[in-house]
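S.K.: Pasting in a structure now, in structure tokens, and then I'll have a few things to ask.
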Amino acid sequence: MAVEPPDDTGPVELGVEVEELHRPVQREPPEPIEGREPPPWWLWATVAIALFWGGFYLGRHGGTFDTRPHLGYSPTEEGGGGGGGPPAAAVPGAPAPPPSGADVYTQRCASCHQADGKGLAGVFPPLVGSEWVAGDPAILVRIVLDGLAGPITVAGQPYDGVMPAWRDQLDDPAIAAVLTHERANAGVDAPPIDPALVTELRAATAARATPWTAAELEALP
């Protein structure tokens with residue numbers, strides 16, 4: 001390689017190739033980068049053993065997904081103030097508590113007929129002041145079982161909508177409870193609706209697949 005000097009003395013021969021100068025540098029291994037070193041095998045083995053042991057310990061001593069371990073201070077079946085026994089409702093064979101008509105109404109009916117039972121004008125008919133609620137309980141049961149569709153007059157106002165059927169969602173005690181609650185909330189002086197009536201009408205209308213209409217209900221004997 002020749003380098004041209006700044007003066008006119010002529011080129012100077014270095015006598016050493018640039019590649020030869022860099023060969024020792026190229027033979028050196030690259031410098032390691034801190035933080036990228038592979039972990040040792042014993043660390044992987046330790047982690048695997050710890051995970052295995054942790055899973056085994058939790059499976060052996062973690063308990064079950066049950067509420068009873070957390071009910072140490074709940075009343076017992078006899079009404080005591082403490083003990084580790086299950087509550088009375090969890091005892092096999094214990095009778096289920098009767099459904100609350102107010103709870104069923106809040107969950108199933110209030111979204112349309114509103115919490116106060118006065119409905120929405122022109123959209124959802126009211127239960128308060130409704131001649132249908134104050135009338136024959138058998139008609140009320142039929143409406144809840146199979147629904148209602150088409151024009152109807154309630155408290156002197158016309159409505160034309162669709163009420164869904166609750167035959168498959170509510171059992172007989174729940175239907176009797178919610179209708180009894182509706183009649184009481186509407187100020188109707190009438191005895192509670194018997195679940196036996198719901199059972200009887202459920203069987204009598206088992207083949208029905210369409211909602212009732214006001215004309216059909218009015219034509220019933």
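All of the numbers you see were taken from the coordinates with simple rules; none came from a lab. As the structure is a computational prediction, the values presented were derived from the model and not from experiment.
S.K.: For Met163, list long-range residues whose amide hydrogen, built 1.01 Å from N in the peptide plane, is under 5 Å from its own amide hydrogen.
M.R.: Correct list: Leu148, Ala149.
S.K.: Report Rg/Rh for region 148-221, rounded to two decimals, where Rg is the Cα radius of gyration and Rh the Kirkwood radius.
M.R.: Looking at region 148-221, the ratio lands at 0.97.
S.K.: Output wanted: per-residue J couplings in Hz (rounded whole) for region 206-212, from phi through Karplus 6.51 cos²θ - 1.76 cosθ + 1.60, θ = phi - 60°, x for Gly and Pro.
M.R.: Each residue of region 206-212 in turn: 4, 7, 6, 10, 10, x, 6 Hz.
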